[in-house]
Amino acid sequence: MQGQGNSKILEGQTKKDIDVIYQDEISSSELNRFPDNSFTIIILDECKEGNCTTDIGTYALNSRQLFVHLPKRKYIWNLPLQASGRRLIINDSILETFSPTLKHTFSPHSAYEMIPSNGEAYEKFSMEFDAIRKEIHSEIVFPELINARVRLLALMINLWIEQVYGKSALNDHNNPVFRFHELVETYYKTQKGVAFYAEELCITPNYLGVLCRKQYKISPLEFIRQRVLLEAKKLLHSSDKSIKEIAFELGFNNFSHFSYFFRSLTGWTPKNYRMTMGKS
């Protein structure tokens, strides 16, 4: 997919590396064309009537709504001509870079495709849309930075769903692996060992490993580490806390342990990550 206009691509990269398309204008005809091998995120800036019908139901359209077009779902848009909004078309390959805590939110199993927002949440979503647009149309394009912005937006959507509907909204309490997901959301800052979660679930660590790999394709330890990493990125990007403060908030005994953890998973130091995201 492409969306970079006349931007330059770094040496060794190609236009195929850009997995995101940004659209400044939307219409019913555009939104009813759902690209293959992708999902989309839509933000309605101004809209006072109309509706969107999906496999789940029909939604009345209003300003400051956010929609996620989930895979394998049908959508029929009836958008008024005067409506304005923006859309991101995101290649499915980026889903593979999402943490397990996000993959469920953007899977066909999610029940949350229309996401109402208040003024503050809308402004934050809007700012991330603008940041992604800026990256796509910049003179020199960093595909991984664009993808990182998309992952950050996805995390913000996930956290907002939990704030609106409750932290257990995206979990299935009848499924032990989703209960593990919920426990990680509660304790990831203080409990980073698999044994704790297995004991809470009354199963062995080995069996938890089998369940987690079947559901998320990674080990329970990696699941926990990815959740800690997502929170670290969020705090580095959107908070004024020092890196040392972030390290202690996330349960690391000292700064060097946090720096090693972050660098081993991303290839960046926390300082370089914050500086790069801040410049974009």
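Every number in this text was worked out from the coordinates using simple rules, so none of it is lab data. Source: prediction; values computed, not measured. For neighbour counting, all protein chains shown are included, and Cβ atoms are generated from backbone atoms with ideal geometry for every residue, glycine included.
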Report summary line: Per the helix-only model, the chain has a calculated mean residue ellipticity at 222 nm (DSSP H runs of ≥4, -39500 (n - 2.57) each, divided over all residues, rounded to the nearest 500) of -14000 deg cm²/dmol
Query raised in the report: If you put +1 on each Lys and Arg Cβ and -1 on each Asp and Glu Cβ, how big is the dipole of the chain around its Cα centre, in Debye rounded to 20?
Result: 620
Requested in this report: Quote the charge dipole size of region 176-279 about the Cα centre in Debye, to the nearest 20; the model charges only the Cβ of Lys and Arg (+1) and of Asp and Glu (-1).
Outcome: 460
Report task. List nothing, just return the count: lysine pairs in region 8-165, 8 or more apart or interchain, with Cα separation under 20 Å. Result -> 7
Query raised in the report: Put +1 on the Cβ of every Lys and Arg and -1 on every Asp and Glu Cβ in region 14-129; which of Asn78, Thr54, Thr40 then has its Cα farthest towards the positive end of the dipole?
Result: Thr54
**Report entry** P(r), alpha carbons of region 202-244 - 5 Å bins starting at zero, rounded %
**Finding:** 6, 21, 19, 15, 12, 10, 10, 7, 0
Report summary line: Over its alpha-carbon atoms, region 79-232 yields an Rg and a Dmax in Å of 17.3, 57
Report task. Find the relative contact order for region 8-165 and round it to a whole percent, using C-alpha pairs within less than 8 Å whose residues are 6+ positions apart. Result -> 28
Query raised in the report: Looking at region 176-279, what % of the alpha carbon pairs are farther apart than 24 Å?
Result: 29
**Report entry** Diffusion constant of the chain at 25 °C, which comes from Stokes-Einstein with the Kirkwood Cα-pair radius and 0.890 mPa s, µm²/s
**Finding:** 123
Report task. Would you mind listing how long region 8-165 runs along its three principal axes, going by Cα atoms, in whole Å with the largest first? Result -> 46, 34, 32
Query raised in the report: Along the positive direction of the dipole of the chain (beta-carbon charges: Lys, Arg +1; Asp, Glu -1; about the Cα centre), which of Ile146, Leu66, Met114 reaches farthest?
Result: Ile146
Requested in this report: Output the relative contact order of the chain, whole-number percent, from Cα pairs under 8 angstrom with separation of 6+ residues.
Outcome: 16
